[in-house]
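See below for the structure under consideration.
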Amino acid sequence: QVQLVESGGGLVQAGGSLRLSCAASGRTFSSYTMGWFRQAPGKEREFIVAISWRPGRTDYADSVKGRFTISRDNAKNTVYLQMNSLKPEDTAVYYCAASARQRFLGPRDIDYWGQGTQVTVSS
């Protein structure tokens, strides 16, 4: 069992930055692929980025490539999402996700979800 708790969301102006954190419980954190999804009102949950457990392979959605960076600290059981050059269309609830698969690109591959954290980008 893995429990995920996100933090770091908030309100930011367009062009600004935020860093989200996701703290995971459980001794097997380092064996999970971790990532982030987001969901805007009236839209489906959207894959953003994932990082595998070893050797740190990453996958990014085109919409965030070059602006967002994912990283993980297995010693702290934490995954981070650095978001730069934020745009109003980045406004959504951001969800941390964990999967036992080596790679995931969709919600059906996820084994555990966090509760979500709101990110609002004003124009």
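The values are calculated or read from the model by the stated rules, or taken from the named source; none is laboratory data. Quantities reported herein were computed from a predicted structural model and do not represent experimental measurements. We place every Cβ from the backbone using ideal geometry, glycine too, and count neighbours over all the protein chains shown. These area figures cover heavy atoms from the full protein model, side chains too; ligands, DNA and RNA do not enter into them. Shrake-Rupley method; radii C 1.70, N 1.55, O 1.52, S 1.80 Å.
Evaluate region 67-78: report whether one residue or more is outside any loop (DSSP other than H, G, I, E, B), at pLDDT 95 or above and of a type in the set (Asp, Glu).
no
Every residue in region 86-123 that is closer than 19 Å to Asp62 by Cβ and of a type in the set (S, T, N, Q), please.
Thr91
If I ask for residues that are over 16 Å from Met83 (Cα atoms) and either of a type in the set (Phe, Trp, Tyr) or surrounded by 14 or more Cβ atoms within 10 Å (Cβ to Cβ) (or both), which ones from region 1-27 would you list?
Val2, Leu4, Val5, Ala23, Ala24, Gly26
Which number in (1) more than 15 Å from the chain's Cα centre (by Cα); (2) in a strand (DSSP E or B); (3) of a type outside the set (Asp, Glu) marks the one condition that Cys96 misses?
So the condition that Cys96 fails would be (1).
Looking at Ile70 and the list (1) touching a residue at least 40 places away in the same chain (Cβ under 8 Å); (2) open to solvent by less than 60 Å² (accessible area, probe 1.4 Å); (3) not polar (S, T, N, Q), which single condition is not satisfied?
Only one criterion in (1) touching a residue at least 40 places away in the same chain (Cβ under 8 Å); (2) open to solvent by less than 60 Å² (accessible area, probe 1.4 Å); (3) not polar (S, T, N, Q) is unmet by Ile70, namely (1).
Of the numbered conditions (1) surrounded by fewer than 21 Cβ atoms within 10 Å (Cβ to Cβ); (2) part of a strand (DSSP E or B); (3) not small (Gly, Ala, Ser), Leu81 satisfies every one except a single condition; which is it?
The failed condition is (1).
Sort through Glu89, Glu44 and tell me the only one that's among the charged types (D, E, K, R), assigned to a loop (DSSP other than H, G, I, E, B), open to solvent by 40 Å² or more (accessible area, probe 1.4 Å) and over 13 Å from Leu18 (Cβ atoms). Can you show your working first?
Numbers: Glu89 fails: assigned to a loop (DSSP other than H, G, I, E, B).
Unique residue meeting the criteria: Glu44.
Being in contact with a Lys or Arg (Cβ under 9 Å, 6 or more places away or on another chain) and surrounded by fewer than 18 Cβ atoms within 10 Å (Cβ to Cβ) is the filter here; which residues of region 28-41 pass it?
Matches in region 28-41: Ser30, Ser31, Gln39.
Filtering region 92-121 down to residues that are aliphatic (A, V, I, L, M) and in contact with a strand residue (DSSP E or B) (Cβ under 7 Å, 6 or more places away or on another chain), which residue is surrounded by the fewest Cβ atoms within 10 Å (Cβ to Cβ)?
The first filter runs over region 92-121 and keeps only residues aliphatic (A, V, I, L, M), leaving 92-93, 97-98, 100, 105, 110, 119, 121.
From what's left, in contact with a strand residue (DSSP E or B) (Cβ under 7 Å, 6 or more places away or on another chain): 92-93, 97-98, 105, 110, 119, 121.
Values: Ala92: 22, Val93: 18, Ala97: 26, Ala98: 26, Leu105: 12, Ile110: 21, Val119: 21, Val121: 19.
So, considering only residues that are aliphatic (A, V, I, L, M) and in contact with a strand residue (DSSP E or B) (Cβ under 7 Å, 6 or more places away or on another chain), the one surrounded by the fewest Cβ atoms within 10 Å (Cβ to Cβ) is Leu105.
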